[in-house]
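Inspection log for the structure reproduced underneath, given as structure tokens.
The values are calculated or read from the model by the stated rules, or taken from the named source; none is laboratory data. Here the structure is a predicted model, which means the values were calculated and not measured. Cβ atoms come from the backbone with ideal geometry, glycine included; neighbour counts cover every protein chain shown. Each accessible area value is taken on the protein alone, full model and side chains, heavy atoms only, with ligands, DNA and RNA left out. Shrake-Rupley method; radii C 1.70, N 1.55, O 1.52, S 1.80 Å.
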Amino acid sequence: MIGRAMTGSMANPASINATNVFAQILDAANRPDPYPFYARLRDQPVTQIDEHAWVVSTHREITRLLRDPRISADRRLEDAASSQPPRTDGTPRTVPFIRQDFQRQDPPDHDRLRRLVMHQFVPRTMGMRDHIDDLVQRSLDVHATQEAGQLDIVADLAYPLPVTIICEILGVPQEDEPSFREFARILTRSLDPIESLTDDEQHEMQATAMEFRDYLVDLIQKRMAHPGDDLLSGLLAGGDPAGSMELVDVGATLALLLIAGHETTVNLIANGTLALMRHPEVLERLRDNPALATSLVEEVLRYDPPVQMSGRSTLADIEIAGVTIPQGDRVSLLLAAGNRDPDRFTEPDFFWPERPNNAHLAFGGGIHYCIGATLARAEAQIALSAVARRLENPRLVMDPPPYRANAALRGPDRLPIAFDQLLAPDRP
């Protein structure tokens, strides 16, 4: 194992430069376009940015580490490896939920819990395309009376669609949306690297996590008293041949699916709409050929992914790209940087929906591959097709749009689109 004698002041010049470049990526001022900074980091596939922190920025190395069993997804290990001083009150810097959800656990617990969730989640997402299409058309129909109008893609389409779907799947009352919207706004910042969070933000997340826990406990108790045909009731009922789930794991799973189940899709639809507005020739092709939506969404996931980076920790010394990352260090896998790696993708900065062999990293990889990838794809395909076919002469009201503070889950806060007329949906 390599020793930890190297300190920030002793790091080599390349490391110091990488530290500054990574700080630029985390800087909210660069949220509209972090890609030039990702390109600079790709000069070195694996770079140390702090005493116990590394970034990996190339497609091949990220792909390898996503599948390496010596890499842990346990966020508590990231907290242990943080170079920031411990809190005086002894509380961790990462945000504790009821328990680490299965995506933040390692085998064998991860594998067992993931099987149980898959058994409940996948059947409930099958055959939903007609329902998703109905929700999309109704969201746009609200603007049918406007001869020439404007809508905010985030508030009017990208947010309400996945929220409605995930609430229906989980069995969460739609009227609770204002509460968990605020929980999500605060808690998703916990996915950003620790060094980008202020003490005030971390304290706010700690307090919000406790409020969110109380909300989930209340929801679980209500569903235990009055079970339905939703996913939460299914997890609570047990009876799965793969085993049963403890209540604390049910709560952690509910927290994961409720927040991740809509936050990433909101960004996917908004980022996709923004790409279409900036590439009107692609918008025209999608309008003329709805079948293009499948490959177009894959290109959005590569070109401007909703999840830009994912944190991990090393369980052993790992040699990669001529560098040894010591056991116990934090590793940020820069998925968005890997998606624009010129060694993997031809003309990576070009938005090309017909791109062949588009093996992007937007949904991660290995055992922690996104469980909701199929549903997110369907929602984005239908939403972007409707934007292309129903909005006559759509155009951006502002470019770039304002962005949310989040670096890891990156997307516009608002995306106002002006249009001349809302056309009728393509229905028989």
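Taking only segment 51-64 into account, find how many residues are surrounded by fewer than 22 Cβ atoms within 10 Å (Cβ to Cβ) and within 26 Å of GLY366 (Cβ to Cβ).
Of the residues in that region, 5 qualify.
Among the residues of segment 174-193, is there at least one that is more than 30 Å from VAL397 (Cα to Cα), of a type in the set (S, T, N, Q) and crowded, with 16+ Cβ neighbours inside 10 Å?
Yes, the conditions are met somewhere in segment 174-193.
Output the residues belonging to segment 375-402 that are polar (S, T, N, Q) and within 23 Å of the chain's Cα centre (by Cα).
The answer is GLN381, SER385.
Restricting segment 238-263 to residues that are open to solvent by 20 Å² or more (accessible area, probe 1.4 Å) and acidic (Asp, Glu), which is nearest to GLU379 (Cα to Cα)?
The selected residue is ASP240.
Just for helices (runs of 4 or more DSSP H) wholly inside segment 107-173: which have at least 2 residues that are closer than 30 Å to GLU392 by Cβ and touching a residue at least 40 places away in the same chain (Cβ under 8 Å)?
Answer list for segment 107-173: 129-141, 160-170.
So which residues in segment 144-180 are among the hydrophobic types (A, V, I, L, M, F, W, C) and over 24 Å from LEU423 (Cβ atoms)?
VAL163, ILE165, ILE166, CYS167, ILE169, LEU170, VAL172, PHE180 - these are the residues of segment 144-180 that are among the hydrophobic types (A, V, I, L, M, F, W, C) and over 24 Å from LEU423 (Cβ atoms).
Counting only residues that are modelled with pLDDT of 95 or more and small (Gly, Ala, Ser), which one in segment 151-173 is most open to solvent (accessible area, probe 1.4 Å)?
Filtering first and then ranking leaves ALA155.
Inspect segment 14-27 for any residue being out of contact with any strand residue (DSSP E or B) (no Cβ under 6 Å at 6 or more places or on another chain), closer than 20 Å to ILE318 by Cα, buried (at least 17 other Cβ atoms within 10 Å of the Cβ) and at pLDDT below 95 and give the result as yes or no.
The answer is no; no qualifying residue exists.
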